[in-house]
Amino acid sequence: MEVVILNDPAAIGRVAADTIESLLTRKPDAVLGLATGSSPLAIYDELAARCAKGQVSFRGARGFTLDEYVGLPPEHPECYRNVIDSVFVSRVDFAPGAVVGPDGQATDIPAACAAYEEAIHSAGGIDLQILGIGTDGHIGFNEPGSSLASRTRIKTLTRQTRMDNARFFDDNLNAVPTHCLTQGLGTIMAARHLVLVATGHNKAEAIHHLVEGPVSAMWPATIMQHHPHATVLIDDAAARRLQLADYYRETYSSKPDWQGI
Ligand code: F6R
């Protein structure tokens with residue numbers, strides 16, 4: 001696992017955008033895994049700016065979102081389908097229908113989850129998966145106790161996650177859905193490159209477990225320690241509980257520019 005500690009979210013956005021731009025140059029029909037939430041916004045801003053300048057194009061690319069709330073009407077602005085459209089998809093040049101998500105409206109949820117797994121498989125799998133991390137260590141919405149081999153399925157959100165996300169629902173905890181469909185940890189682990197972004201003090205404990213803790217379903221993101229190509233992009237605040245922070249800084253600063261993440 002490579003740990004990159006940078007000063008600010010914009011710098012994190014640039015490093016992640018560099019690797020996505022280089023992937024799309026090598027493979028214009030690349031498949032991206034897209035997270036919602038606050039953490040990836042700097043990446044999406046940077047990619048939208050580069051796309052506007054003609055530096056990168058998503059014309060041949062496809063996207064799969066990580067998760068979706070269950071129980072919100074489809075027109076609700078916090079449906080992740082609508083969020084990803086407004087923060088990213090509508091700002092770049094994806095072909096119509098190229099970005100899809102799990103169907104939070106499905107009446108047959110197991111069938112919808114199986115169909116989502118099949119769609120990812122038929123697209124050739126995910127080349128690069130963008131991830132945030134919950135304060136309780138979730139990735140996607142794989143909450144503590146999730147099977148480390150899980151596939152797309154319905155999950156119950158923890159009270160902590162619902163409190164964390166209440167800021168998107170006018171601070172009204174009761175308005176935050178209790179369930180979601182999420183790619184499983186096994187689904188996420190099948191992506192060829194994982195790029196996780198975290199900023200701020202409130203992520204420091206989860207980052208400490210992810211990078212330096214034992215692999216455990218209690219901190220689901222720790223499964224990433226088993227991934228052959230996982231990159232963790234964090235700011236100083238999120239890095240503050242890392243024992244080897246100086247080593248990670250030194251390693252990244254001595255890396256040749258051409259190498260990327
Ligand atoms: C969102 C997702 C979640 C978030 C996580 C962090 O699609 O899968 O795992 O990445 O809850 O959220 P933020 O970035 O808002 O702190």
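Checked against the criterion of being outside any loop (DSSP other than H, G, I, E, B), among the small types (Gly, Ala, Ser) and surrounded by 14 or more Cβ atoms within 10 Å (Cβ to Cβ), the candidates Ala115, Ala106, Ala111 yield just one match: Ala115. Checked against (1) in a loop (DSSP other than H, G, I, E, B); (2) surrounded by 16 or more Cβ atoms within 10 Å (Cβ to Cβ); (3) away from the ligand (no atom under 16 Å from the Cβ), Thr19 passes all but condition (1). Tell me whether segment 207-218 contains one or more residues that are among the aliphatic types (A, V, I, L, M), under 12 Å from Val4 (Cβ atoms) and outside any helix (DSSP H, G or I). No, segment 207-218 contains no residue that is among the aliphatic types (A, V, I, L, M), under 12 Å from Val4 (Cβ atoms) and outside any helix (DSSP H, G or I). Residues of segment 39-59 include none that is surrounded by fewer than 21 Cβ atoms within 10 Å (Cβ to Cβ), in a loop (DSSP other than H, G, I, E, B) and within 16 Å of the ligand (Cβ to nearest atom). With respect to being assigned to a strand (DSSP E or B) and over 15 Å from the mean Cα position of the chain (by Cα), Ile130 falls outside the description. Within segment 187-212, the only residue that satisfies the criterion of being over 26 Å from Ala17 (Cβ atoms), crowded, with 17+ Cβ neighbours inside 10 Å and away from the ligand (no atom under 15 Å from the Cβ) is His208. Which of the residues that make up segment 160-175 are among the hydrophobic types (A, V, I, L, M, F, W, C) and either crowded, with 24+ Cβ neighbours inside 10 Å or more than 12 Å from the ligand (Cβ to nearest atom) (or both)? Within segment 160-175, Phe169, Leu173, Ala175 qualify.
The numbers here are math on the coordinates, done by the rules we state, and not lab data. Predicted, not measured: the structure shown is a model, and the values here were computed from it. Because the Cβ atoms are built from the backbone with ideal geometry, glycine has one as well, and the counts that use them run over all protein chains shown.
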